[in-house]
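Enquirer: To start, I am sharing the structure in question, which I have written as structure tokens.
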Amino acid sequence: MEPKKSSTMVKKMFELGQTTLVDPKSKYRYSLTAKCPCGREYGSVERFEKSIYGLERVIFKCSLCEKEFEVPISKMVI
């Protein structure tokens, strides 16, 4: 499935401190992802930092160029 923009779900993931979220209706598990700066592939979550307020920082890793990268929350998709 092609990643989709859902700022509501991404914000909810940050608030809950989770990098995945299950849709209660469809039971589909959504995961945070972001387009790599190389522009060719989406990256998966490599690591993340949490605080008492939820997620603070998410680092992605591109499966194609294997570089780690970080993007603003507005650029993250599910």
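Enquirer: Within the stretch 45-72, restricting attention to residues that are among the acidic types (Asp, Glu) and not in a loop (DSSP other than H, G, I, E, B), which residue is surrounded by the fewest Cβ atoms within 10 Å (Cβ to Cβ)?
Expert: Of everything passing the filter in the stretch 45-72, 49 is surrounded by the fewest Cβ atoms within 10 Å (Cβ to Cβ).
Enquirer: Could you tell me whether the stretch 35-43 includes any residue that is closer than 15 Å to residue 6 by Cβ, part of a loop (DSSP other than H, G, I, E, B) and modelled with pLDDT of 95 or more?
Expert: No.
Enquirer: Within the bounds of the stretch 6-27, is there any residue that is in contact with an Asp or Glu (Cβ under 7 Å, 6 or more places away or on another chain), closer than 16 Å to residue 73 by Cβ and surrounded by 12 or more Cβ atoms within 10 Å (Cβ to Cβ)? Before the answer, list the steps.
Expert: Of all residues in the stretch 6-27, those in contact with an Asp or Glu (Cβ under 7 Å, 6 or more places away or on another chain) come to none.
The answer is no; no qualifying residue exists.
Enquirer: Now a separate question. From the list 32, 55, pick out the single residue that is more than 18 Å from residue 4 (Cα to Cα) and touching a helix residue (DSSP H, G or I) at 6+ places or on another chain (Cβ under 7 Å).
Expert: Only one candidate passes the filter, namely 55.
The values are calculated or read from the model by the stated rules, or taken from the named source; none is laboratory data. Everything numeric in this text was worked out from a predicted model, so none of it was measured. We place every Cβ from the backbone using ideal geometry, glycine too, and count neighbours over all the protein chains shown.
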